[in-house]
1. Provide a single number: the residues in region 1-28 that are out of contact with any helix residue (DSSP H, G or I) (no Cβ under 9 Å at 6 or more places or on another chain), open to solvent by less than 100 Å² (accessible area, probe 1.4 Å) and among the polar types (S, T, N, Q).
2. Are there any pairs with C-beta distances below 7 angstrom linking a residue in region 1-20 that is closer than 18 Å to Lys33 by Cβ to a residue that is at pLDDT 70 or above and open to solvent by 100 Å² or more (accessible area, probe 1.4 Å), with the two at least 6 apart or on different chains, and if so which?
Amino acid sequence: MKSIKLNHSHPYIMKARYIEEIRKMTPQQRFEKLMAIIEISYLLKATNRQKDILDIEELEKINKKSNS
């Protein structure tokens, strides 16, 4: 695999570069990239839900202490 460089250019140039990169990929590589994006998205959502649950539990504990 090639080393990845961060490129900072005009959005139009970056979009063209991204499209060219996708065109060079095989259908299998495109599918794997899509699956990786979906997996990361799912993990981020699950993490945020868990964080929200923990925040709610922590607030309930604080409320119980203040009511005592």
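1. Final tally of qualifying residues: 1.
2. If the second residue must be at pLDDT 70 or above and open to solvent by 100 Å² or more (accessible area, probe 1.4 Å), no pairs are left.
Residues checked against (1) within 16 Å of the chain's Cα centre (by Cα); (2) aromatic (Phe, Trp, Tyr); (3) modelled with pLDDT of 75 or more; (4) not in a loop (DSSP other than H, G, I, E, B):
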position	(1), (2), (3), (4)
Ala16	no, no, yes, yes
Gln28	no, no, yes, yes
Glu32	yes, no, yes, yes
Ile37	yes, no, yes, yes
Ile40	yes, no, yes, yes
Leu43	yes, no, yes, yes
Ala46	yes, no, yes, yes
Ile53	no, no, no, yes
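The values are calculated or read from the model by the stated rules, or taken from the named source; none is laboratory data. Just so you know, these numbers come straight off a predicted model, no measurement behind them. Glycine gets a Cβ as well: all are built from the backbone with ideal geometry, and neighbour counts include every protein chain shown. Heads up: the accessible areas ignore ligands, DNA and RNA and are worked out on the full protein's heavy atoms, side chains in. Shrake-Rupley method; radii C 1.70, N 1.55, O 1.52, S 1.80 Å.
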